[in-house]
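Each reported figure results from applying straightforward, stated rules to the coordinates on display, with no laboratory input. Nothing here was measured: the structure is a model prediction, and the numbers come from that model. Every residue, glycine among them, receives a Cβ derived from its backbone with ideal geometry; neighbour counts consider all protein chains shown.
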Amino acid sequence: MQKLARAKFQGAEDEMAEEQVVDAEFANTPEVKQMQERLQRSRMKKRLLTNCVFSLNRETPLYILQYLVLSFGGSYVIKDQLDDLTDAKSKALYKKVTHVVMDRPLPAT
């Protein structure tokens, strides 16, 4: 599912790249410069979570979190998917996780 969502986001980004063609007559206008700055900030935001892998637990709102993580360039693993894997694969995948999202308080130690 993550691959399909990633492909959809990539397709939207490619469409935006095609829209950036500006006639030479208008290339140096303040409006175009402002538009290019906004586009640059948008690209930076899309790469905000590039090096992050989120583990989403069962009780979290999965759909919105998946959308947010993918929107900003991150990756995610759903806790249920980890449970279905073999022990070795699960441990290898869990080592890549940089953030854990949960909706329950941590037990007191």
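If the chain linking residue 40 and residue 90 were pulled fully straight, counting 0.36 nm for each residue of separation and taking away their Cα-Cα distance, it would gain 14.3 nm. D for the range 48-103, whole µm²/s, Stokes-Einstein with Kirkwood Rh over alpha-carbon pairs at 4 °C and 1.567 mPa s: what number? For the chosen part, D equals 114 µm²/s. To the nearest Å, what is the center-to-center distance of the range 78-98 and the range 56-70, using C-alpha atoms only? If you average the Cα positions of each part, the centres end up 16 Å apart. For the range 48-103, averaging the sequence separation of C-alpha pairs within contact (under 8 Å, six or more residues apart) and dividing by the residue count gives a relative contact order of 53 percent.
The residues neighbouring residue 79, those whose beta-carbon lies less than 13 Å from its own, together hold a net charge of -3 under the Lys/Arg +1, Asp/Glu -1 convention.
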